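Take a look at the structure set out below.
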Amino acid sequence: MKHWSTIAAAFASALFLAGTLSAAENAAGYRIDFSKAKTEKNTVSGWTYKGKPGTDDAKFSIITENGVKILKAEAVNGTGSILFDISKLDFRKYPIMRWKWKVDVLPSGADGRSEAKDDQAIGIYVGAGRWSTTSVAWRWETETPKKAEGEASYGLGMVSVKWYCVRNKEDKTGVWYVDECNIYEALDKRFKGKIPTKNVALSISCNSQYTKSKAVAYLEYVEFLPAQAAKQSSK
């Protein structure tokens, strides 16, 4: 899982950058989407890109599908992540994180349980830290069983992550899915009752370097909602 060093570096250098894309808060919650974003090289406006030295970059771009601007993530023997500052978000007020994603191509043979195969078409992370980072992650795996989970620590303990497998090769490609989790409970457990209020970031990753294959995935939005919104339908 060496690509965690990529995420760690991104957290360390990017958490103070405020996003400029659509991130609107209202009575219904707080939504981060790509309606105002533009493609900038291999990343998108409002987000900070971080790759891994010596490894090909994943590419993030904005495309339009059925009139809606969405994020496309693609990695060919590569890895990368983009980050968005959510330090001001009140997780007590909005404990439900919901997102809409789909995958076209899964990294061949990837399995998050194996360091040598630890690639994912897309992963959604929430974490905190400046010089060291602690995060939780929800990932679309290939071979990893759904509902599997694991922990990892790297860089002499400087990088710590708790990951959950939400979807895998059993789910249809080219089909949108809406998933959610209780982000407050996950962070509260991860940070032992002391959820950070500074240097907190949402990160989207795409990896295929270990399996030497290709990954293509899409994300329409990530939103943070009140507790009563749990398991309600979202379009």
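Residue by residue through region 184-198, what is 3J(HN,Hα) from phi via Karplus (6.51 cos²θ - 1.76 cosθ + 1.60, θ = phi - 60°)? Round to whole Hz and write x for glycine and proline.
Those phi angles translate into 5, 5, 5, 6, 4, 5, 5, 9, 6, x, 10, 5, x, 10, 10 Hz.
Applying the Karplus parametrisation 6.51 cos²θ - 1.76 cosθ + 1.60 with θ = phi - 60° to the phi angles of region 54-65, what ³J(HN,Hα) value in whole Hz is obtained for each residue in order, glycine and proline being reported as x?
x, 10, 4, 6, 6, 10, 10, 8, 9, 10, 10, 10
Taking 0.36 nm per residue of separation and subtracting the Cα-Cα distance, what length does fully extending residue 115 through residue 36 add?
Working: separation 79, 0.36 × 79 = 28.44 nm, distance 3.68 nm.
That works out to 24.8 nm of additional length.
What FRET efficiency do you get for residue 28 and residue 185 if R0 is 22 Å and r is their Cβ-Cβ distance, rounded to the nearest 0.05? Show your work: numbers first, answer last.
Values: r = 21 Å, r/R0 = 0.94.
After rounding to 0.05, the efficiency reads 0.60.
Rank the residues 64, 142 as a footprinting-exposure proxy: fewest other Cβ atoms within 10 Å of their Cβ go first.
On the way: 64 9, 142 24.
Exposure proxy ranking, most exposed first: 64, 142.
Can you pull out the GluC sites (Glu not before Pro) in region 147-221 whose DSSP state is coil and whose Cβ has at most 11 other Cβ atoms within 10 Å?
On the way: sites: 149, 151, 170, 180, 185, 220; in loops: 170.
When the GluC sites (Glu not before Pro) of region 147-221 are filtered for loop state and at most 11 Cβ neighbours within 10 Å, 170 remain.
Run through region 27-136 and list the trypsin sites (Lys or Arg not before Pro) located in a DSSP loop whose Cβ has at most 11 other Cβ atoms within 10 Å.
Sparse-neighbourhood loop trypsin sites (Lys or Arg not before Pro): 41, 92.
Run through region 99-175 and list the chymotrypsin sites (Phe, Trp or Tyr not before Pro) located in a DSSP loop whose Cβ has at most 12 other Cβ atoms within 10 Å.
Numbers: sites: 99, 101, 125, 131, 138, 140, 154, 163, 164; in loops: 131.
Answer in residue order: 131.
Would you mind pulling out the separation of the Cα centroids of region 164-225 and region 38-90, in Å?
14
Under a Cβ-only charge scheme (Lys and Arg +1, Asp and Glu -1), can you give me the dipole magnitude of region 167-235 about the Cα centre, in debye to the nearest 20?
Numbers: 12 positive and 8 negative charges, 63 e Å.
It comes to approximately 300 debye.
Just subtract the alpha-carbon distance of residue 131 and residue 194 from 0.36 nm times their residue separation and send over the number in nm, one decimal.
Numbers: separation 63, 0.36 × 63 = 22.68 nm, distance 1.80 nm.
So the chain would gain 20.9 nm between residue 131 and residue 194.
How high is the relative contact order of region 4-229, in percent, counting Cα pairs under 8 Å that sit 6 or more residues apart?
Numbers: 626 pairs, mean separation 69.6, N = 226.
The value is 31 percent.
Just so you know, all these numbers are worked out from the coordinates, no wet-lab data involved. The shown structure was predicted, so the numbers you read here are calculated from the model rather than taken from an experiment. Note that each Cβ is placed from the backbone with ideal geometry, even for glycine, and that neighbours are counted across all protein chains shown.
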